[in-house]
Amino acid sequence: MPEASLDLDFLTLAWWWNLVGLPAVVAVVAGRALGKRRHEFHRGDIAVAIRRLAIVHVILGLRAAIALVQELLTLREMGIPQSFPVTGIIWPFLTIIVDLALARGLWRRSPSARRWAVGWQALQAAVVVPVCFFLWRYGVPIEPADWPDLLVSKGFPFLILGLLLDRAMARAFARGETAQEGQDRPVIFLVTLWLVIIAGSTLAVDLADWLFRLVQG
């Protein structure tokens with residue numbers, strides 16, 4: 001059957017990308033970054049890292065938009081929401097607004113945007129903890145190929161929160177500085193690059209999955 005073959009081809013492609021392609025890209029990026037000596041990281045790297053966090057928030061907002069549109073299309077076709085309205089409609093709608101607003105403020109290195117982002121990520125982290133406990137408590141199976149989505153949804157709040165609370169990062173927001181001598185953060189520079197790559201990958205897979213479903217009709 002053509003439709004089944006098309007679906008199988010996409011699932012296989014996504015499986016190989018998540019388990020082989022994406023880790024390879026992350027490893028290559030890490031290898032190139034770690035191959036540089038510490039003094040080769042410019043003091044402007046903190047500013048670049050902050051802008052990458054802004055890009056991550058844009059990507060997360062776009063992912064929420066895709067999820068919301070799919071939920072509304074399902075509601076229109078079936079007359080009932082695909083999932084619980086709070087998690088399927090209200091939360092994605094709120095995520096779109098908050099993430100895009102935070103992205104704009106973070107790009108401009110606004111101190112208030114950093115404070116709001118800390119609060120937003122702390123809220124999401126507080127939600128993630130009981131969700132992860134529920135998954136562990138009831139033995140919900142986890143597919144290895146789903147690790148990018150799991151990391152974005154369950155791990156990003158903690159990672160971004162930790163980055164925003166870093167002293168060098170906070171100083172860059174408060175004083176508009178990049179970094180002082182001896183306070184370069186190559187780890188932050190690398191981690192924020194990873195976040196952009198992984199978040200961008202999940203967005204691309206979501207878009208591709210949506211397109212394949214549309215083609216299947």
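If I stretch the segment between Ala47 and Asp146 completely, what's the gain in nm (0.36 nm per residue apart, minus their alpha carbon distance), one decimal?
Between Ala47 and Asp146, full extension yields 32.5 nm more.
How far, in nm, would the chain grow between Ala24 and Tyr138 when pulled straight, counting 0.36 nm per residue and subtracting the alpha carbon separation?
Separation in residues times 0.36 nm, less the Cα-Cα distance, equals 37.8 nm.
If packing is taken as the mean number of other Cβ atoms within 10 Å per residue, what is the order of 88-94, 193-199, 22-28, highest first? Spell out each step's value before the answer.
Working: 88-94: 16.4, 193-199: 19.7, 22-28: 13.7.
Top of the packing list down: 193-199, 88-94, 22-28.
If each residue of separation counts as 0.36 nm, what is the full-extension length gain between Ile66 and Val86 once their alpha-carbon separation is subtracted?
Length difference between fully extended and current span is 5.6 nm.
Return one whole number: the accessible area per residue of the range 86-131 in Å², for a 1.4 Å probe.
57 Å²
At R0 = 22 Å, how high is the FRET efficiency between Leu214 and Thr12 if r is their beta carbon distance? Nearest 0.05 is fine.
It comes to 0.70.
The values are calculated or read from the model by the stated rules, or taken from the named source; none is laboratory data. Every value quoted in this text rests on a predicted model; they were computed, and no experiment measured them. FYI the Cβ positions are ideal-geometry reconstructions off the backbone, even for glycines, and counts take in every protein chain you see. These area figures cover heavy atoms from the full protein model, side chains too; ligands, DNA and RNA do not enter into them. Shrake-Rupley method; radii C 1.70, N 1.55, O 1.52, S 1.80 Å.
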